[in-house]
1. Check region 155-163 and report whether any residue there is farther than 22 Å from residue 48 by Cα, of a type outside the set (Gly, Ala, Ser) and either buried (at least 16 other Cβ atoms within 10 Å of the Cβ) or in contact with a helix residue (DSSP H, G or I) (Cβ under 9 Å, 6 or more places away or on another chain) (or both).
2. Taking the condition of being under 18 Å from residue 67 (Cα atoms) and crowded, with 19+ Cβ neighbours inside 10 Å, how many residues in region 108-147 meet it?
3. Please determine, by comparing only the residues of region 181-217 that are in a loop (DSSP other than H, G, I, E, B) and touching a helix residue (DSSP H, G or I) at 6+ places or on another chain (Cβ under 7 Å), which one is surrounded by the fewest Cβ atoms within 10 Å (Cβ to Cβ).
4. Any residue in region 138-149 that is modelled with pLDDT under 95, touching a Pro at 6+ places or on another chain (Cβ under 9 Å) and closer than 26 Å to residue 45 by Cβ?
5. Search region 49-58 for residues being surrounded by fewer than 24 Cβ atoms within 10 Å (Cβ to Cβ) and touching an Asp or Glu at 6+ places or on another chain (Cβ under 9 Å), and hand back the single one that is modelled with the highest pLDDT.
6. Would you be able to tell me the number of residues in region 8-45 that are surrounded by fewer than 17 Cβ atoms within 10 Å (Cβ to Cβ), modelled with pLDDT of 95 or more and of a type outside the set (D, E, K, R)?
7. How do the strands (runs of 3 or more DSSP E) wholly within region 1-108 filter down when requiring 3 or more residues that are over 28 Å from residue 210 (Cα atoms) and either within 13 Å of the chain's Cα centre (by Cα) or touching a residue at least 60 places away in the same chain (Cβ under 8 Å) (or both): which remain?
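The values are calculated or read from the model by the stated rules, or taken from the named source; none is laboratory data. This is a predicted model, so every value here is computed, not measured. Every residue, glycine as well, gets a Cβ built from its backbone with ideal geometry; the counts of neighbours run over all protein chains shown.
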Amino acid sequence: MFQDREQAARRLADRLADHAGRGTVVAALARGAVPMGCLLAEALDAELYVLVVRKIGAPGNRELAIGAITDGEHPQTWLNHHLVQALGVTEAYIAEAVRRETLELQRRKQAYGADLRNPPLAGRTVIVTDDGIATGATMRMALAAVRRQRPARCILAVPVAPPEALPALREAVDEVICLEQPRPFGSVGQHYLRFSQVDDDEVVRLLADFDRRRLPASRGAAGGGPA
């Protein structure tokens, strides 16, 4: 059980200390992982990448992921065909969900300035983080989006996940760090004492604060300053 996202991020930072600096990038899934991503990136002296991935929810239960849409220059859709067939989800429902979630993905990227602020990932060590994993569908697409940018090393770091969700994800990364794997699992929020929703305004504020704190260090590293 975690007190909040801040405590979870600090525990992850302790486990990731060997990756501090060295051109590391923390890729945080928006919106819920952005508070954690900011803390992790600051603790590890890393850059921050805002990763926008939209879940495709099941009919009548939007929290149950039957697929996801990735961030990136060419967004891609992944479907859990087993769930789609088991639930009898129609092609018309999927087409409408993909259209709706693609629009929302683009809106969020624009709101966060993701295309302008996100650093390149090619040849870097990238730590992909979220506040937790439930089915793994959203994270699976997030990792695919990161992998398409050809990082040198990809690490999945999350506070909590059900044990059965991790084997498939391990195949997509070089290392998995998961602090707790409870069974029965329930939902991600059940493993936090405080788990408030993160809205767009908070994401924008957190990113602005992070960039302001990083700016002096960036200038110093570049040898900048007044002439």
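1. yes
2. Result for region 108-147: 15.
3. 183
4. yes
5. Among those residues, the one meeting the criterion is 57.
6. Count: 1.
7. Qualifying strands (runs of 3 or more DSSP E): 61-69.
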